[in-house]
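The values are calculated or read from the model by the stated rules, or taken from the named source; none is laboratory data. Just so it is clear, the structure is predicted and the values come from calculations on it, not from any experiment. All Cβ positions, even for glycine, are placed from backbone atoms using ideal geometry, and neighbour counts span all protein chains on display. Side chains are part of the model used for accessible areas, which takes the heavy atoms of the whole protein and leaves out ligands, DNA and RNA. Shrake-Rupley method; radii C 1.70, N 1.55, O 1.52, S 1.80 Å.
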Amino acid sequence: MQKPWEGRFKEKTEGFVERFTQSVSFDKGLALWDIRQSIAHVKTLLKAGILSEEEAEKLIQGLSSIEREVSEGRFAFRQELEDVHMNVEFRLTEKVGDVGGKLHTARSRNDQIATDERLYIKDNILYMCGLLKELRKTLVRLAEKSVEVIAPSYTHLQRAQPIRLAHYFLAYREAFLSDEKRFMDAFRSADALPLGSGAVAGVDFPLDRFYTAELLGFNRVCRNSMIATADRDFILDALYACAVCGMHLSRLAEDLILWSTEEFGFVDLPDRLCTGSSIMPQKKNPDVLELIRGKTGRLYGNLMSLLTTLKALPMSYDRDLQEDKEPLFDSLKTLADCLEGARLVLEGMNLRANKMKSFSGGFTLMTDLANYLVLKGLPFRQAHHVVGSITAYLLEKGKKPEELTMEELRNFSDLFEKDALSLLDAFTSADRKVAYGGTSKEDILERIHVAKREEGLI
Ligand code: ARG
């Protein structure tokens, strides 16, 4: 089979080189976007008077039938044709004859690959945002169901203050909302057309690149042909968005893994989402969650991998850039799976409300006692000290805060009056967090309402 560059070469390509330099084994995933791009390119060449109507029609028909072959899995990709671009072009010439050789006029694979990747990333980001939205909806539904469930919150993984459990689910919803913002930032950085930049210096024909951009749905046209072919920042942005989202998922996964232990016992994971042990018959392991946590490592790795590839590359296109695709494909697929896994677990898990109900506040209510003294005029630092002493006293006596009597309280400060005892209740504590963004029932109901509106649930 002839190589496009054969005119200049005296030797046949070594087998190793073919295998080592090929990218078709993975960039075939770009075929549909490559064809879409080629159709727009044909229309642009027609508009510039480089192709006749008849030629353009033939090419577009040929490309459309290749598109069907690819969609139906009938396209036979060949390694000796190196990459997706040459595979499509070769097949086109097989189908339409010599006019197929006109497709690559005023185009280089350097602007072609950058265009494919930008188109591909934009579509995949929209898909990812859809998955993120589904996950957020699940969290909002869980929040709605758990307004009346009180739970301990943790700082330093030590019990901190009582919260309404809804507050927890809404917290993660915020995190996944900020992921969408990062993905849409990546979308915007990908939203510029490189095609028409040629190999590096631009093209010799008067292509209407703004027309091409319109055909392909790009919002902007890359303004400099050198950086247009050298730039992979839009992939970095997408990989960064994936890495941060993976980090959020890994934190959520870690909480749920802890919550599903016998020690916490806050949630039960359904059998269908767990796996067992080959030796210990009693085990039910939260593998989906563990893998979500674990796969975050490769999401970070993919970002580092491309950053490292890009470092010190001379302007403009270098073949090193071919290494951008596998990390990208891997991150998009990995994250999509993790988002789906997290949603399945959240939807399938059972909250063990009775276990949470047995939580009545305990020492997590001590800040409330301190704040009581503050309202009586004591500076917070002194109040903190007084309640610290009460805590030490209770620990020494082996008593719970709820068991405190009025006399005991007054031994520590005569600012305590009868109503202080009524503070020793977890719901009361939660609902005293009245400032915007806190865990009071009123605030949470309002947040849920807004979230439902934002997610299109009402
Ligand atoms: N497979 C190449 C890549 O992914 C396509 C561009 C090749 N360009 C070239 N001049 N060899 O980067």
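Out of 33, 5, report the one residue that is within 20 Å of residue 111 (Cα to Cα), at pLDDT below 95 and not polar (S, T, N, Q).
Working: 33 fails: at pLDDT below 95.
Of the residues listed, the single one that is within 20 Å of residue 111 (Cα to Cα), at pLDDT below 95 and not polar (S, T, N, Q) is 5.
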Residue pairs within 6 Å by beta carbon, gap of at least six or interchain, first lying in the stretch 98-112 and more than 13 Å from residue 201 (Cβ to Cβ), second basic (Lys, Arg) and at pLDDT 95 or above, listed first then second, are 99/58
Test residue 313 against the criterion of being open to solvent by less than 30 Å² (accessible area, probe 1.4 Å) and over 14 Å from residue 292 (Cβ atoms), and give yes or no.
no
Among the residues of the stretch 138-183, which ones are touching a residue at least 40 places away in the same chain (Cβ under 8 Å), touching a strand residue (DSSP E or B) at 6+ places or on another chain (Cβ under 6 Å) and open to solvent by 40 Å² or more (accessible area, probe 1.4 Å)?
159, 161
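What is the residue count in the stretch 8-29 for residues that are in a helix (DSSP H, G or I) and within 16 Å of the ligand (Cβ to nearest atom)? Spell out how you get there, then give the answer.
Start the filter on the stretch 8-29 by keeping residues that are in a helix (DSSP H, G or I), which leaves 8, 15-21, 24-29.
Pick out the ones that are also within 16 Å of the ligand (Cβ to nearest atom) and you get 8, 17-21, 24-29.
Residues in the stretch 8-29 being in a helix (DSSP H, G or I) and within 16 Å of the ligand (Cβ to nearest atom): 12 in total.
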Tell me which of these residue 11 doesn't satisfy, since it passes every other one: (1) modelled with pLDDT of 95 or more; (2) open to solvent by 80 Å² or more (accessible area, probe 1.4 Å).
(1)
How about the stretch 30-89: which of its residues are free of Cβ contacts under 8 Å to residues at least 60 places away in the same chain, buried (at least 19 other Cβ atoms within 10 Å of the Cβ) and within 15 Å of the ligand (Cβ to nearest atom)?
31, 85, 88, 89
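Being open to solvent by 40 Å² or more (accessible area, probe 1.4 Å) and in contact with a helix residue (DSSP H, G or I) (Cβ under 7 Å, 6 or more places away or on another chain) narrows it down to one of 409, 395, 445, 421, so name that one. Step through it out loud before you land on a result.
Working: 409 fails: open to solvent by 40 Å² or more (accessible area, probe 1.4 Å); 395 fails: in contact with a helix residue (DSSP H, G or I) (Cβ under 7 Å, 6 or more places away or on another chain); 445 fails: in contact with a helix residue (DSSP H, G or I) (Cβ under 7 Å, 6 or more places away or on another chain).
Result of the check over 409, 395, 445, 421: 421.
Please work out if residue 331 is crowded, with 19+ Cβ neighbours inside 10 Å and within 16 Å of the ligand (Cβ to nearest atom). Break it down into steps so the answer makes sense when it comes.
Details: crowded, with 19+ Cβ neighbours inside 10 Å: yes; within 16 Å of the ligand (Cβ to nearest atom): no.
No: the conditions fail for residue 331.
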Taking the options 260, 189, name whichever one is within 24 Å of the chain's Cα centre (by Cα) and of a type in the set (Ser, Thr, Tyr).
189
Restricting attention to the stretch 201-241, report how many residues are β-branched (Val, Ile, Thr) and crowded, with 20+ Cβ neighbours inside 10 Å.
3
Within the stretch 90-111, can you find the residues that are in contact with a Gly (Cβ under 7 Å, 6 or more places away or on another chain), of a type in the set (Ser, Thr, Tyr) and away from the ligand (no atom under 12 Å from the Cβ)?
93
Within the stretch 197-221, residues touching a residue at least 40 places away in the same chain (Cβ under 8 Å) and within 16 Å of the ligand (Cβ to nearest atom) come out as 197, 198, 199, 200, 203
Near pairs, Cβ below 6 angstrom, 6+ apart or cross-chain, from the stretch 365-389 (touching a residue at least 24 places away in the same chain (Cβ under 8 Å)) to any residue that is assigned to a helix (DSSP H, G or I) and open to solvent by 50 Å² or more (accessible area, probe 1.4 Å):
386/412
